[in-house]
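Let me begin by presenting the structure, written as structure tokens, before commenting on it.
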Amino acid sequence: MPVLAQAVAGVAPAGAMAVIPALVFPGLVFGSDGPNLVMTFGAAMAVMVLVAFCLRPMAKRMAAVSGLYSYTAKGLGQRTAITAGWSALFGYGLVAMAGLLVVGIYVAKLFSNLGITIAESTAFPVLVILAAAGAACYLMVRGIRLSAWFTVMMEAISIGVLAVLMFVYFALNEPKIDLGSALAWSGNFDALPLGVVVAISAFVGFESPTTLGGEAHKPFVSVPRAITWTPLLMGVLCLLSVSAQDVALRDAPLSVAASTTPLSDLFSQTSPLFAAVLDLGIAASFFACAIASMNAFVRILFCMGREGVAPRIFGRTHAAFRTPSTAIVVTMPLIAVVPVAAIASGASPERGLAILFTLGAYGYLGSYVLASASLPFFLRRIGESTYASWILGAVTSLALGAVIWAATAVSISSGNLQAIVYGGVLLASVLYATVLHFRLPERLASVGIYDETRDLDLFNGRPNP
């Protein structure tokens, strides 16, 4: 259950279905000629399923604490693994920041829909974010089982709430609905790549169970199963949700479509109470997402600390709960300060979310490229290489590379700096790996050593006879 809960919470189905389509929706990010939502999310789903098929064989053969970082080390070597690890940390960290920001925005919106006036509009969401970060920190230190049960409960409730509310909304507004508009598209291919990158934010995190290999029961069964089915199920849910939202938001007033919380504002036109319930579900979903993202983040950092390529303090565990408590306590304030600063600065919340999710998606995509390319080399190293693995690794890597390249071109041409910021992270990781190679080769050689298969992984908790 903790493995499945980590996968579900990582993608935050209810929250992602409610928030991310609005970031891709025409008029918010791309202007009036934005990409068709169904096509955008369908392309994102196809790419993520390819990545899942690449990760599955490695997850069936290696129980890792640091997921894609260790897979890359075994396939493409230690220097490349440093870049994969930094990229994954960047992705998990940015999505955790976005999750806390969503919690602050939607809890404030919840009070507004309930008619409760908040004296200081900036201070309240900041306090909510700080409280959420503290609660997440507590649950994570206590252990993966407690945080996993909490997150899967939050997600189940949130998905149910969103499904019921969407059904009620369309039942009440049936005469006004034109389902054909969900498939309408202006033919603008220029915005599609960047739209796919943002849409991929709804799927990223499905691979986070690969960081639980050292704590999961039967990791060679539970982890591959979770990372295979999660993107498929998430894709189906997203396609249903974005079809409904595309129809609803196209016919909504401009003030709703351009709002910070468009779906909530849409529901508030029918019933403020419905909107308040939706706000609660979205906030709960992204709180679970923040926990799941941080669980993966600190476990990569923990592994790097144990290997000596990150400060060794991050490799310490809690005396009672055996969790990477030092990494959790040190990094959580750094994660929380960004959404707090975004709120306190008075910046546009929807713009902040778009930036955080897009940057996070770049981080995930970079780690996916390297991990997918590692597949055939990983299998060749253990004598199990096949032609299918080479084809799958090449096709997936090329597809991911094409998405990143096209999105980067669109981003730079439109004056956005997200791709340049991520490029700086990649360059820094390469320089760091190069310094390790020449100055501290023994530390670089230790990358990937911490994650090794144990008898307990293979024999269901019984020692090898």
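The values are calculated or read from the model by the stated rules, or taken from the named source; none is laboratory data. This is a predicted model, so every value here is computed, not measured. Cβ: placed from backbone, ideal geometry, glycine included. Neighbour counts: every protein chain shown.
Any residue at all in the range 251-258 that's at pLDDT 90 or above and touching a Phe, Trp or Tyr at 6+ places or on another chain (Cβ under 9 Å)? Walk me through how you get there before you give the answer.
Going residue by residue through the range 251-258, those that are at pLDDT 90 or above are none.
No; the residues of the range 251-258 include none that is at pLDDT 90 or above and touching a Phe, Trp or Tyr at 6+ places or on another chain (Cβ under 9 Å).
For the range 385-403, a residue qualifies if it is surrounded by fewer than 21 Cβ atoms within 10 Å (Cβ to Cβ) and either of a type in the set (Gly, Ala, Ser) or in contact with a helix residue (DSSP H, G or I) (Cβ under 8 Å, 6 or more places away or on another chain) (or both), and the qualifying residues are Ser385, Thr386, Ala388, Ser389, Trp390, Leu392, Ala394, Val395, Ala399, Gly401, Ala402. Residue selection: Phe321 satisfies the criterion of being in contact (Cβ under 8 Å) with a residue 24 or more places away in the chain and outside any helix (DSSP H, G or I).
Out of curiosity, is Gly67 in contact with a Ser or Thr (Cβ under 7 Å, 6 or more places away or on another chain) and farther than 25 Å from Gly195 by Cα?
When the stated conditions are applied, Gly67 passes them.
Being under 20 Å from Phe286 (Cβ atoms), crowded, with 19+ Cβ neighbours inside 10 Å, in contact with a Gly (Cβ under 7 Å, 6 or more places away or on another chain) and modelled with pLDDT of 90 or more is true of Pro339.
Scanning the range 93-119 for residues that are at pLDDT 90 or above and among the charged types (D, E, K, R) gives no hits. Scanning the range 427-449 for residues that are surrounded by 15 or more Cβ atoms within 10 Å (Cβ to Cβ), part of a loop (DSSP other than H, G, I, E, B) and not small (Gly, Ala, Ser) yields one hit, Val447. Of all residues in the range 165-178, those that are modelled with pLDDT under 70 and of a type in the set (D, E, K, R) have Cβ atoms under 9 Å from Cβ atoms of residues that are assigned to a helix (DSSP H, G or I) and surrounded by 15 or more Cβ atoms within 10 Å (Cβ to Cβ), 6 or more apart or on another chain, in Asp178/Val247; Asp178/Arg250. Taken over the range 345-386, the criterion of being assigned to a helix (DSSP H, G or I) and either of a type in the set (S, T, N, Q) or without any contact (Cβ under 8 Å) to a residue 12 or more places away in the chain (or both) is satisfied by Arg351, Thr358, Ser367, Ser372, Ser374, Arg380. Restricting attention to the range 120-149, the residues that are touching a residue at least 12 places away in the same chain (Cβ under 8 Å), assigned to a loop (DSSP other than H, G, I, E, B) and not β-branched (Val, Ile, Thr) total 2. Among the numbered conditions (1) outside any helix (DSSP H, G or I); (2) in contact with a Ser or Thr (Cβ under 7 Å, 6 or more places away or on another chain), the only one that Thr117 does not meet is (2).
Of all residues in the range 320-336, those being of a type in the set (Val, Ile, Thr) and crowded, with 21+ Cβ neighbours inside 10 Å number 4. Looking only at the range 413-426, residues that are assigned to a helix (DSSP H, G or I) and without any contact (Cβ under 8 Å) to a residue 24 or more places away in the chain come to 4 in all. Is it the case that some residue within the range 85-97 is in contact with a Pro (Cβ under 8 Å, 6 or more places away or on another chain) and either free of Cβ contacts under 8 Å to residues at least 24 places away in the same chain or not in a helix (DSSP H, G or I) (or both)? Looking through the range 85-97, none of the residues is in contact with a Pro (Cβ under 8 Å, 6 or more places away or on another chain) and either free of Cβ contacts under 8 Å to residues at least 24 places away in the same chain or not in a helix (DSSP H, G or I) (or both). Ile282 falls short of the stated requirement of being in a helix (DSSP H, G or I) and at pLDDT 90 or above.
Report the residue count in the range 1-49 for those that are among the hydrophobic types (A, V, I, L, M, F, W, C), assigned to a loop (DSSP other than H, G, I, E, B) and modelled with pLDDT under 75.
Narrowing the range 1-49 to residues among the hydrophobic types (A, V, I, L, M, F, W, C): 1, 3-5, 7-9, 11-12, 14, 16-20, 22-25, 28-30, 37-39, 41, 43-49.
Now restrict to residues that are assigned to a loop (DSSP other than H, G, I, E, B): 1, 12, 25, 28-30.
Narrowing the set further to residues that are modelled with pLDDT under 75 leaves 1, 25, 28-30.
Of the residues in the range 1-49, 5 are among the hydrophobic types (A, V, I, L, M, F, W, C), assigned to a loop (DSSP other than H, G, I, E, B) and modelled with pLDDT under 75.
For Ala59, the conditions (1) buried (at least 24 other Cβ atoms within 10 Å of the Cβ); (2) farther than 21 Å from Trp390 by Cβ; (3) at pLDDT 85 or above all hold with the exception of (2).
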